[in-house]
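Each reported figure results from applying straightforward, stated rules to the coordinates on display, with no laboratory input. Computed from a prediction, not measured in an experiment: that's the story for all the values here. Here the Cβ positions follow ideal geometry from the backbone for every residue, glycine too, while neighbour counts run over all protein chains shown.
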Amino acid sequence: MYELDPESVEELDHLCETLGSKAEQLKRAVGRVCADPSGQRNPRHSFTKKFRSPWNYAAGAKKDDVTEFTTNQWRGLFRLLEDENDGKPVRMLAFLAIKGRRFFTVKDCPWHK
């Protein structure tokens, strides 16, 4: 299981405040991705896929280390990170800020235009 990085948690909470009843659906999808980023373990999900050209959107990104978050209404890019907390390794999932945002509606998503 991965933990969502603090900046991503903050933006997700801020976004969900504006969504009303749809907020729970987005939080559930992000939680499923944190539990299994690949979507291959049971129960499977299709909220993620490899992202083919991250260098256009994420500074310093390589081809194989960025994954796309793909729900019906939301998009985002994220990386899996290893961090340390009190000397213990922590597995982090960090949504990447692109032009200051971490979550996009499909119609506002810069790589779908």
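Here is a yes/no grid of residues against (1) surrounded by fewer than 17 Cβ atoms within 10 Å (Cβ to Cβ); (2) in contact with a Pro (Cβ under 8 Å, 6 or more places away or on another chain); (3) among the acidic types (Asp, Glu):
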site	(1), (2), (3)
Gln40	yes, no, no
Ser53	yes, no, no
Asp65	yes, yes, yes
Asp83	yes, yes, yes
Arg91	yes, no, no
Ala94	no, no, no
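Residues in the stretch 96-113 that are within 15 Å of Ala59 (Cα to Cα) and surrounded by fewer than 10 Cβ atoms within 10 Å (Cβ to Cβ): Lys99, Gly100. Specify the residue that is nearest to Asp5 (Cα to Cα); the eligible residues are those in the stretch 18-34 that are within 14 Å of the chain's Cα centre (by Cα) and exposed (fewer than 14 other Cβ atoms within 10 Å of the Cβ). If we take residues in the stretch 18-34 being within 14 Å of the chain's Cα centre (by Cα) and exposed (fewer than 14 other Cβ atoms within 10 Å of the Cβ), then Gly31 is nearest to Asp5 (Cα to Cα).
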